[in-house]
1. Report the percentage of all Cα-Cα pairs in the stretch 98-211 whose separation exceeds 19 Å, rounded to a whole percent.
2. Tell me the mean residue ellipticity at 222 nm calculated for the chain from its helices only (DSSP H runs of n ≥ 4, each -39500 (n - 2.57), averaged over every residue, nearest 500).
3. If I take every Cα pair under 8 Å that is 6 or more residues apart in the chain, average their sequence separation and divide by the length, what percent do I get for the relative contact order?
4. Which distance in nm do the two modelled labels at residue 219 and residue 90 give, with both placed 7 Å along the Cα-to-Cβ direction?
5. When you have a sec, figure out the Kirkwood radius of the stretch 82-139 from all distinct Cα pair distances and drop it here in Å to one decimal?
6. Determine, from the Cβ-Cβ distance of residue 136 and residue 229 and an R0 of 45 Å, the FRET efficiency 1/(1 + (r/R0)^6), rounded to the nearest 0.05.
7. Using a Förster radius of 35 Å, what is the FRET efficiency between residue 181 and residue 150 based on their Cβ-Cβ separation? Nearest 0.05, please.
8. How many nm separate the modelled label positions at residue 189 and residue 201, each set 7 Å beyond the Cα in the direction of the Cβ?
């Protein structure tokens, strides 16, 4: 007796912008603020200066990321909506030409001429389906998944703030070498976690992704510390 087995698979929505902004926002916040903090630490200032610099980096970075995400995604969405509007007008104004164009697209992908024509005729018989098919084939987009600028902006703002807060937190309770060591350890741990999440999210090897995130964070932070140390707080800067 052969049992019927049904294989089901589900795809995550990767076009909304919210998940992407959240994951990369934490990464950006972490790398940015650990680099800023260690860059300032390298110049050997008082602990209050490091705290102020880290807090300023958190606030400025979070607002910058949120505003930038809102503006860029809003502009992208408006551009795509304009292209969809143009395509919709073309479908109405020149139905036959758009039908032939869609049929030629399917034929170029290996479908027979007859089947391509039937698919195109079926799609063009329904205005909403016609627009969706032309948008997918010509523009490479899904009209129903243009993304949410507000969601992406909010996710980017808070995730950046969370990432930036990690290396700053030890400085709220300590200073000097102790706070620096804890800041580095905390940043390293979260870098590994973020890298692992990115690996899972993209379907890549988790260990490799985590290692890459840790190495990138460490290199950037070390470079920032080196620059701060080279300039030197005690050299009149």
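What follows is calculated from the coordinates using simple rules that are stated; it is not laboratory data. What you see is a predicted model, and the numbers here were worked out from it, not measured in a lab. So basically every Cβ, Gly included, is an ideal-geometry build from the backbone, and we count neighbours across all protein chains shown.
1. Working: 4374 of 6441 pairs.
Beyond 19 Å sits 68 percent of the P(r) for the stretch 98-211.
2. Values: 8 runs with 178 residues, N = 237.
Helices in the chain give a 222 nm mean residue ellipticity of -26000 deg cm²/dmol.
3. On the way: 313 pairs, mean separation 92.8, N = 237.
39 percent.
4. 4.3 nm
5. On the way: mean 1/r = 0.0902 Å⁻¹.
Computed over the stretch 82-139, the radius equals 11.1 Å.
6. On the way: r = 53 Å, r/R0 = 1.19.
Calculated transfer efficiency: 0.25.
7. On the way: r = 39 Å, r/R0 = 1.13.
Rounded to the nearest 0.05, the efficiency is 0.35.
8. 2.1 nm
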